[in-house]
1. Could you tell me how many of the residues in segment 15-55 are among the polar types (S, T, N, Q), surrounded by fewer than 18 Cβ atoms within 10 Å (Cβ to Cβ) and modelled with pLDDT of 90 or more?
2. So, in segment 119-139, exactly how many residues are surrounded by 13 or more Cβ atoms within 10 Å (Cβ to Cβ) and either more than 30 Å from LYS28 (Cβ to Cβ) or of a type in the set (A, V, I, L, M, F, W, C) (or both)?
3. Does segment 182-220 hold any residues that are assigned to a helix (DSSP H, G or I) and among the charged types (D, E, K, R), and which are they?
4. Here are the criteria: (1) of a type outside the set (Asp, Glu); (2) over 27 Å from ILE92 (Cβ atoms); (3) not in a helix (DSSP H, G or I). Tell me which single one LEU154 does not satisfy.
5. Conditions first: (1) loosely packed, with under 15 Cβ neighbours inside 10 Å; (2) touching a helix residue (DSSP H, G or I) at 6+ places or on another chain (Cβ under 9 Å). ALA116 passes all but one, so which condition is the exception?
6. Identify, please: which residue in segment 79-113 is within 16 Å of the chain's Cα centre (by Cα) and part of a loop (DSSP other than H, G, I, E, B) and is, among those, surrounded by the fewest Cβ atoms within 10 Å (Cβ to Cβ)?
7. Enumerate the pairs (first residue in segment 11-31 and in a helix (DSSP H, G or I); second residue anywhere and hydroxyl-bearing (Ser, Thr, Tyr)) with beta-carbon separation below 6 Å, excluding pairs fewer than 6 apart on the same chain, so at least 6 apart or on different chains.
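The values are calculated or read from the model by the stated rules, or taken from the named source; none is laboratory data. As the structure is a prediction and not an experimental result, all values here were calculated from the model. All Cβ positions, even for glycine, are placed from backbone atoms using ideal geometry, and neighbour counts span all protein chains on display.
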Amino acid sequence: MKFNVGVGDEHLLQLLSDLIKKNRQQWKAKFFHRHRDTNVTGPQRDWAASWLVSINRNFQFTPETLSLALNLMDRFLNSVKVPPKYLHCVGISCFFLAAKTMEEDDVIPNTQILAAESQCGCSVSEILRMEREILSKLDWNLRHVHHIDFLQTLYALLLSMYPQYFCLGNLTPSQQLSALTSKLFRLLCSHKLMVFRPSVLVLSLISLELETYVPQSWCPITMMLLGLTEITTDELIHCREGCSRQLSAKFHLPKPPLLYTRRKRFCIKRKVEQIVEVDEIYDCIKHLYNEDDLARSKLSDKLLPLSCSTEMRQTIDDMPIQTVAAT
């Protein structure tokens, strides 16, 4: 089977080459602990990712915004040791930064509306402070190459070269790209797949799709793309297996968790020596909610209802993973 690149495809090939070059310079594998830890674990990160997928759907922002938000969150979580109690604030702040980067100004809500409609449980000042910390830690470099860039480029290239393979199942090309995008976000909700480069993950997804609809031609097309994307066969095989497992598993977008509704709780008096400090936590995270001041002062003996931001100061070291996301 011959694969000829037409003159009209040269621009797409150059764009793909530029993406690969930038990604090689920028990308680092993302690792998350799988079990109970003082920092955000893999399952907790996956919950936050699926939560952002749900929020993006509610706000009807573009896939580029969601993809960038997940990219920012993963980069930040791999740069800073973040306790689980800050995860929702990190997630919504990354989402807002991505929206302000990718969306038109007239469709972006103000911070107060974002906080209320997302039910994140954070105040406006908390979101703005967390945004500053994220920007500082990431050196104000938000526009890394991410997965949607590769998906759209590879899909456009294949559609231009082999349109007969991309009008399948009574779907138009735009509908098929939308379906692929939805599947991509399911894959991005798995921390286990974040060890693969975006180009590898996207090519694995496209390869699985081709295998379903054009079983006679998927392999030679995939081998052609391997050469264009500079991916090894072993990388692709390993990633395809992980993608297949993730896509076959049940997936449900989470409902807004009870943690983010403003309900009353009562404060339990704690002694300074009972407060467990997390080793090497980035100082700006600790200062974000004045934890050092909280540790040095005695809490009131009176039983007072807590605001949501005050609840976030409570230690949750003894709470199960589910309670971080759903209580």
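1. Residues flagged as among the polar types (S, T, N, Q), surrounded by fewer than 18 Cβ atoms within 10 Å (Cβ to Cβ) and modelled with pLDDT of 90 or more within segment 15-55 amount to 2.
2. Total meeting the criteria: 12.
3. Here is the first cut: in segment 182-220, the residues assigned to a helix (DSSP H, G or I) are 182-188, 191-195, 198-213, 218-220.
Selection gives LYS183, ARG186, LYS192, GLU209, GLU211.
4. For LEU154, the exception is condition (3).
5. That leaves (2) as the condition not met.
6. Looking at residues that are within 16 Å of the chain's Cα centre (by Cα) and part of a loop (DSSP other than H, G, I, E, B), I get SER79.
7. LEU15/THR153; LEU16/THR153
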